[in-house]
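The values are calculated or read from the model by the stated rules, or taken from the named source; none is laboratory data. Small disclaimer: the values here were computed from a predicted structure and weren't measured. Every residue, glycine among them, receives a Cβ derived from its backbone with ideal geometry; neighbour counts consider all protein chains shown. Calculation scope for accessible area: heavy atoms of the full protein, side chains included, ligands and nucleic acids excluded. Shrake-Rupley method; radii C 1.70, N 1.55, O 1.52, S 1.80 Å.
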Amino acid sequence: MTKHEAIVLSAYTGILLTKDFSDVHKFCESLLGRPIFSHEFADQGIWDEVHEKCKPFVGGIIENEADDPMFINYVIGDATRPIGEGTKIIAHVCNNKGGWGAGFVLALSKKWSEPETCYRSAALSNDLLLGKTMFVNVENGIVIANMIAQNGYKSAENPCPLDYTALGICLDDVRNFADEIGASVHMPRIGCGLAGGKWNEIELIIKSNLCAFGVPVYVYDLK
């Protein structure tokens, strides 16, 4: 999101999405064509007027994003509660050592038992191969993708156990399955926490392996 887009959306929603409210204040004044005193922002009528004046600008933002095939939808929310209609794949990164007890998997197991059961069964069979993806149906219209893309555990000796090549292979499988069932793909910021990866690099892999092929992607931050 550009600074201008953040200012426009702040004015449109009434939620501050940029660091400096003074930028939003100036933009609102330009919309209404007059000075706005700070105390006037307590008046819902001012926000209603600003909201209406913002609509053409918001429409422009939406149009630009729709034309961008590499666009990722960033969402404030819980990836275990994916938004939108239709079938959804929730993708996340797992390690290849049989460890399921920290990070996003805790939220998954709190809601559904099947992804953990599938993962532990694969661990017992020594089938946690880097680049392998296990698709688990958990309820009507929701599939979990257990992506084995973390080689071991994060430590001083292994500061980045995320295997970027394995992640790309896994996302290829996710893309193919998403195409097959007509699904959108949802995920937390995979590979950044316990796996130690860098989001700017992971984001490029997501865009190249999913977005570039027209798969809708939603990335969730809790706050």
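Tell me, please, whether a residue that is at pLDDT below 95 and not in a loop (DSSP other than H, G, I, E, B) can be found in region 133-141.
Yes, because at least one residue in region 133-141 is at pLDDT below 95 and not in a loop (DSSP other than H, G, I, E, B).
Residues in region 70-91: is at least one part of a loop (DSSP other than H, G, I, E, B), among the aromatic types (F, W, Y) and open to solvent by less than 40 Å² (accessible area, probe 1.4 Å)?
no
Counting just the residues of region 148-181 that are of a type in the set (D, E, K, R) and part of a loop (DSSP other than H, G, I, E, B), which one comes out farthest from A212 (Cα to Cα)?
Top of the filtered list is E157.
(1) open to solvent by 60 Å² or more (accessible area, probe 1.4 Å); (2) at pLDDT 95 or above: which one isn't true of P159, the others all being true?
(2)
Results for (1) modelled with pLDDT under 90; (2) of a type in the set (S, T, N, Q), shown as yes or no for each residue.
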residue	(1), (2)
N73	yes, yes
R81	no, no
T87	no, yes
N96	no, yes
G101	no, no
S125	no, yes
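Residue pairs, Cβ under 6 Å, 6 or more apart or interchain, first in region 10-26 and over 16 Å from D48 (Cβ atoms) and in a loop (DSSP other than H, G, I, E, B), second open to solvent by less than 60 Å² (accessible area, probe 1.4 Å) and not small (G, A, S). List them.
Sorted first by the residue in region 10-26, then by its partner, the pairs are L17/L9; T18/I7.
Does region 87-99 hold any residues that are more than 17 Å from L210 (Cα to Cα) and in contact with a strand residue (DSSP E or B) (Cβ under 8 Å, 6 or more places away or on another chain), and which are they?
C94, N95, N96
In region 40-69, which residues are surrounded by fewer than 15 Cβ atoms within 10 Å (Cβ to Cβ) and either on the phi > 0 side of the Ramachandran plot or at pLDDT below 75 (or both)?
Once the filter is applied, which keeps residues that are surrounded by fewer than 15 Cβ atoms within 10 Å (Cβ to Cβ) and either on the phi > 0 side of the Ramachandran plot or at pLDDT below 75 (or both), region 40-69 yields G59, G60, I62, E63, N64, E65, A66, D67, D68, P69.
Name the residue, out of N73, N151, that is more than 12 Å from H186 (Cα to Cα), touching a helix residue (DSSP H, G or I) at 6+ places or on another chain (Cβ under 9 Å) and of a type outside the set (F, W, Y).
Answer to the check: N151.
Test I206 against the criterion of being at negative phi, at pLDDT 95 or above and touching a strand residue (DSSP E or B) at 6+ places or on another chain (Cβ under 7 Å), and give yes or no.
no
Mind listing whichever residues of region 106-127 are surrounded by 21 or more Cβ atoms within 10 Å (Cβ to Cβ) and over 16 Å from the mean Cα position of the chain (by Cα)?
P115, Y119 - these are the residues of region 106-127 that are surrounded by 21 or more Cβ atoms within 10 Å (Cβ to Cβ) and over 16 Å from the mean Cα position of the chain (by Cα).
Among the residues of region 194-219 satisfying the criterion of being in contact (Cβ under 8 Å) with a residue 40 or more places away in the chain and in a loop (DSSP other than H, G, I, E, B), which is surrounded by the fewest Cβ atoms within 10 Å (Cβ to Cβ)?
Here the residue is G214.
In region 27-37, which residues are touching a helix residue (DSSP H, G or I) at 6+ places or on another chain (Cβ under 7 Å) and not in a helix (DSSP H, G or I)?
Those that are touching a helix residue (DSSP H, G or I) at 6+ places or on another chain (Cβ under 7 Å) and not in a helix (DSSP H, G or I): P35, I36.
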